[in-house]
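Worksheet for the structure shown next.
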Amino acid sequence: MATAIEVKNVAKSFIIRHNRNNSLKSNIVGVFHKRFREEKEILWALKEVSFDVLPGEAVGLIGRNGSGKSTLLKIIAGIYPPTSGRVNLSNARVGTMIELGVGFHPELTGEENIYLGASIYGLSRKEIEKIYPRIVAFSELDGFMDTAVKNYSSGMQARLGFALAVNLAPDILLVDEVLAVGDEAFQRKCMAWMEQFRSAGKTIVFVSHNPEDVRRICDRACVLDLGSVVFLGKTDEAIDRYHALLGAA
Amino acid sequence: MKSLFRYRELIYNLVFKDLKLKYRDSTFGFLWSLANPLLVISVYSFVFGHLIRIGVERFPYFLMIGILAWNFFAQSVTMSTGSILDNGSLIRKVALPMEVFPLATVLFNLVQYFLALVVLFPMAFIFFGVLPSWSWLSFLPILVLHVLFTLGACFVVSTATVFYRDVRHFTEILLMLTFWLTPIVYDIRSITPSLQSVIYLNPMSFFILGYQNALYHNIFPSFPEVTVLAGLTALMLALGYALFVRLKTRFAEEV
């Protein structure tokens, strides 16, 4: 079977700038004075990472802080270019949930923000009109659509953001810790939806710090440490490896 | 280009979000955007028309043509310093064609330009008896070239600001200087040939002269003039777009 996501020898380096400067003056002054010179250090966030995700499969990415899992997700999403290697995506609709309510503007109303937020993912006016009632229903914010989002509580904002993300109907979903916001009821709703999405045969890549969430959603998990894959396989075993890493640290 | 079409709803939303936010909750709404050009035209008309007597007939109308076209260009370029930078939180979280941001900036200012023209042209008609002429038809092709030229400049500026934040301040100063090196408040024919050659080093001069010929002197642009405008536009757009495309993959890491 064709893969949904193919990550091949992906490496990513970031240039860490000490004494960071973004101005012409400091570039010029730096030539003469060492104190103002920018020191560059190369940090390899990912080193030769490879794995495949099959259609309909849910794969968890776990690892300690700074292990490279969020960077990997952003590379799969096409936000960062890999330094070397490549990512192949089957030509499916990819949905990225790195943060809820991306692009929402506090001064705009709930309705205006739904149109703006959905268009950021490349939806046309017609497509948005079609999913609009579903977004409103899912968010349970029916009476607040003509209110500026700045007057929403943070829970309401999260609900609107999640309702939007859910209804973009992607085939491949890339999720990064978004479920850490909102109260318990909201988190339960999110997890229930992820399970539903999964049983509908969609593909998920899920970055999380919470082993229980990964266990609930994912068939397989990938443990990353210091930019390399240290384990790829059954979720339970992966979580054990992750705990071992945490214990060793 | 294909993906830009797919993102047309986003472009529309970006343009009208700014317009909506700019005038929401203000009593006079978009009339405020006319306050600036009206004031500038009035003050310059008084200073250069009455105090210094620059000797251009229907001087406020002459000024209006140059000022509105200049404002469209200068405001687009000024705003574009933040096109990428100010959308950093979005660019770091969603993969989308980043061309939409400078494009939306130019379209936002184009809408403002249109609104100003729609209100101020009838005023020129009433106060200065300006009558339409066939040469006005050449306004449209000049405008198209001017918009594309401006877009090219915005690609350059929006990209450069990501890597060098100084560009924002530098742009302001450069625009102020360029304003006086463009024949907006004076007639190019009233200055010495050596000064004229300096003015011709500034690409914006050709666009302003094109507008003035079409709308003020009521003459069609000559073939060499059209060639120069098209050439400048092609050059600026190609340069700007090439720079933008070359560096856009680094935007998410740099903003």
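The values are calculated or read from the model by the stated rules, or taken from the named source; none is laboratory data. What you see is a predicted model; the values in this text were computed from it and never measured. With ideal geometry, Cβ positions are generated from the backbone for all residues, glycine too; neighbour counts draw on all protein chains shown.
Any chance you could count how many residues in segment B:1-32 are within 22 Å of the chain's Cα centre (by Cα) and among the polar types (S, T, N, Q)?
Qualifying residue count for the region: 1.
Hey, can you tell me all the residues within segment A:182-205 that are assigned to a helix (DSSP H, G or I), at pLDDT below 85 and among the charged types (D, E, K, R)?
A:E184, A:R188, A:K189, listed by residue number.
Scan segment A:38-72 for residues that are under 18 Å from A:H209 (Cα atoms) and either assigned to a helix (DSSP H, G or I) or in contact with an Asp or Glu (Cβ under 7 Å, 6 or more places away or on another chain) (or both) and report the count.
The number of residues fulfilling the criteria is 8.
Name the one entry in B:L195, B:L209 that is hydrophobic (A, V, I, L, M, F, W, C) and surrounded by fewer than 19 Cβ atoms within 10 Å (Cβ to Cβ). Full working, then the answer.
Details: B:L209 fails: surrounded by fewer than 19 Cβ atoms within 10 Å (Cβ to Cβ).
The conditions single out B:L195.
From the set of residues in segment B:1-36 that are at the interface with chain A (Cβ under 9 Å from one of its Cβ atoms) and aliphatic (A, V, I, L, M), which is surrounded by the fewest Cβ atoms within 10 Å (Cβ to Cβ)?
B:L21
When segment A:90-110 is examined, which residues are found to be more than 7 Å from every other protein chain (Cβ to nearest Cβ) and either touching a helix residue (DSSP H, G or I) at 6+ places or on another chain (Cβ under 8 Å) or of a type in the set (A, V, I, L, M, F, W, C) (or both)? Spell out how you get there, then give the answer.
As a first pass, look at segment A:90-110 and keep what is more than 7 Å from every other protein chain (Cβ to nearest Cβ): A:90-95, A:97, A:100-101, A:104, A:106, A:109-110.
Result: A:A92, A:V94, A:G95, A:M97, A:L100, A:G101, A:F104, A:P106, A:T109, A:G110.
What's the number of the condition B:F155 fails, among (1) within 22 Å of A:H105 (Cα to Cα); (2) of a type outside the set (K, R); (3) at pLDDT 95 or above?
B:F155 satisfies all of (1) within 22 Å of A:H105 (Cα to Cα); (2) of a type outside the set (K, R); (3) at pLDDT 95 or above except (1).
I need a count of the residues in segment A:123-153 that are crowded, with 20+ Cβ neighbours inside 10 Å, part of a loop (DSSP other than H, G, I, E, B) and within 10 Å of chain B (Cβ to nearest Cβ).
Of the residues in that region, 1 qualify.
Give me the pairs, please: first residue somewhere in segment B:236-249 and within 14 Å of chain A (Cβ to nearest Cβ), second residue anywhere and outside any helix (DSSP H, G or I), beta-carbon distance under 6 Å, and either six or more positions apart or on two chains.
B:K248/B:M98; B:T249/A:P81
Yes/no matrix, rows are residues, columns are (1) within 14 Å of another protein chain (Cβ to nearest Cβ); (2) among the hydrophobic types (A, V, I, L, M, F, W, C):
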{"site": "B:T159", "(1), (2)": "yes, no"}
{"site": "B:Y164", "(1), (2)": "yes, no"}
{"site": "B:V167", "(1), (2)": "yes, yes"}
{"site": "B:M176", "(1), (2)": "no, yes"}
{"site": "B:T182", "(1), (2)": "no, no"}
{"site": "B:Y186", "(1), (2)": "no, no"}
{"site": "B:I191", "(1), (2)": "no, yes"}
{"site": "B:S194", "(1), (2)": "no, no"}
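Of the residues that sit in segment A:6-26 and are crowded, with 16+ Cβ neighbours inside 10 Å and within 14 Å of another protein chain (Cβ to nearest Cβ), which one is modelled with the highest pLDDT?
Taking the candidates together, the pick is A:K12.
Being assigned to a helix (DSSP H, G or I), within 14 Å of another protein chain (Cβ to nearest Cβ) and within 25 Å of B:H146 (Cα to Cα): is that true of B:F62 here? Before you say what the answer is, go through the steps one by one.
Numbers: assigned to a helix (DSSP H, G or I): yes; within 14 Å of another protein chain (Cβ to nearest Cβ): no; within 25 Å of B:H146 (Cα to Cα): yes.
In short, no.
Would you say A:R35 is assigned by TED's automatic domain parsing to the domain that holds A:I15, in a helix (DSSP H, G or I) and either of a type outside the set (V, I, T) or at pLDDT 90 or above (or both)? Before you say what the answer is, go through the steps one by one.
Numbers: assigned by TED's automatic domain parsing to the domain that holds A:I15: yes; in a helix (DSSP H, G or I): yes; either of a type outside the set (V, I, T) or at pLDDT 90 or above (or both): yes.
Taking the combined requirement at face value, the residue satisfies it.
For segment A:96-122, what are the residues that are over 16 Å from B:L21 (Cα atoms) and assigned to a loop (DSSP other than H, G, I, E, B)?
A:I98, A:E99, A:L100, A:G101, A:V102, A:I120, A:Y121, A:G122
Looking at A:I79, A:I75, can you tell me which residue is of a type in the set (V, I, T), assigned by TED's automatic domain parsing to the domain that holds A:A4 and not in a helix (DSSP H, G or I)?
On the way: A:I75 fails: not in a helix (DSSP H, G or I).
Among A:I79, A:I75, only A:I79 is of a type in the set (V, I, T), assigned by TED's automatic domain parsing to the domain that holds A:A4 and not in a helix (DSSP H, G or I).
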